[in-house]
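Notes follow once the structure below has been shown.
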Amino acid sequence: MRDGDERFMALALAEARAAEERDEVPVGAVVVLDGEVIGRGSNRTRERRDPTAHAELLALREATSAMGAMRIPGAVVFTTLEPCFMCAGALSHARVARVVWGVRDPKFGGCASLGAVLTDPRLNHTAEVAEGVCADEARALLQAFFRSKR
């Protein structure tokens, strides 16, 4: 873990709580460049009826728009849940430097659980990954959400 990881993950957790308030799976993400948040997102798949409206993609879209570029080298993405293959692919295409997540996603995780999209040396871009930052809070949000649905 690095300085600032918990502070930025707290912002991602706030985004996850906002998703939960909209009855979305509570996942949140922020994109940080040079210590400044340049993108935020929380799941909106149900609201938008869009399977691509994941927190990471929404945060990435906001960040690339803010920077006026499709690539944001040097950026760090903080997300409460391990990115899926779709999100990991987009993060790789955006050339982010580092991706930090709270908890693994054993059913869809594309960065450690089911695959290693961000660190596979066969790809033309790899990113540093870190996991477990604020994991207890991220896990509790997800568990409470799914428990309420059963």
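The values are calculated or read from the model by the stated rules, or taken from the named source; none is laboratory data. Note that the structure is predicted; figures quoted are calculated from it, not measured. With ideal geometry, Cβ positions are generated from the backbone for all residues, glycine too; neighbour counts draw on all protein chains shown. Ligands, DNA and RNA are stripped out before the accessible areas are found, and what is left, the full protein with its side chains, is counted by its heavy atoms. Shrake-Rupley method; radii C 1.70, N 1.55, O 1.52, S 1.80 Å.
Sticking with the crude label model, points 7 Å out along Cα→Cβ, report the distance from Ala135 to Met86 in nm, one decimal please.
2.7 nm
For a label point 7 Å from the Cα of Gln143 along Cα→C-beta, name the residues of segment 1-35 whose backbone N is under 19 Å from it.
From segment 1-35, the list is 13-14, 16-17, 20, 25-28.
Per residue of segment 79-94, what does 6.51 cos²θ - 1.76 cosθ + 1.60 with θ = phi - 60° give for ³J(HN,Hα)? Whole Hz please, x for Gly and Pro, Karplus curve as stated.
Calculated HN-Hα couplings, in order: 9, 6, 10, 3, x, 6, 4, 4, 5, 4, x, 5, 5, 5, 4, 6 Hz.
Taking every DSSP beta bridge that has both residues in the chain, what percent is antiparallel when rounded to the nearest 5?
Around 55 percent of the beta bridges assigned by DSSP in the chain are antiparallel ones.
What's the whole-number percent of alpha carbon pairs in segment 58-109 lying beyond 19 angstrom?
Counting every Cα pair in segment 58-109, those more than 19 Å apart make up 22 percent.
Once phi is turned into θ = phi - 60°, what whole-Hz ³J(HN,Hα) does the Karplus curve with 6.51, -1.76 and 1.60 give for every residue of segment 134-143, x standing for Gly and Pro?
With coefficients 6.51, -1.76 and 1.60, one gets 6, 4, 4, 5, 4, 4, 4, 4, 5, 4 Hz.
Could you do me a favour and compute the accessible area per residue for segment 23-136, 1.4 Å probe, result in Å²?
Value for segment 23-136: 45 Å² per residue.
If DNA, RNA and ligands are ignored and the probe is 1.4 Å, what is the ranking of Ser148, Ser113, Ser42 by accessible area, most exposed first?
Descending order: Ser148, Ser113, Ser42.
Return the ratio Rg/(2.2 N^0.38 Å) for the chain, where Rg is computed over Cα atoms only.
Expressed relative to 2.2 N^0.38 Å, the Cα Rg reads 0.94.
Over the chain, what is the mean sequence separation of C-alpha contacts under 8 Å (at least six apart), divided by residue count, expressed as relative contact order in percent?
20 percent
Cα centroids of segment 103-150 and segment 81-101: how far apart, whole angstrom?
10 Å
For segment 64-75, take each phi angle, set θ = phi - 60°, evaluate the Karplus expression 6.51 cos²θ - 1.76 cosθ + 1.60, and give the result in whole Hz per residue in order, putting x for glycine and proline.
5, 5, 4, 8, x, 8, 7, 10, 10, x, x, 6
Residues with amide H under 5 Å of Val96's amide H, sequence separation 5 or more or different chain, H placed in the peptide plane at 1.01 Å from N; which?
When sequence neighbours closer than 5 places are left aside, the close amide H contacts are Ile72.
Compute, for Glu36, the solvent-accessible surface of its heavy atoms (probe 1.4 Å) with the complete set of protein chains present, and express it in square angstrom to the nearest 10.
Accessible area, nearest 10 Å²: 120 Å².
With a point put 7 Å past each Cα toward its Cβ, work out how far Glu21 is from Glu47 in nm, to one decimal.
The two pseudo-label positions are separated by 1.0 nm.
At 222 nm, what value in deg cm²/dmol follows for the chain if DSSP H runs of at least 4 each add -39500 (n - 2.57) and the sum is divided by all its residues, to the nearest 500?
-12000 deg cm²/dmol
Taking the dipole about the Cα centre of segment 61-150, with the C-beta of Lys and Arg at +1 and of Asp and Glu at -1, give me whichever of Leu114, Phe78, Ser148 is farthest to the positive side.
Ser148
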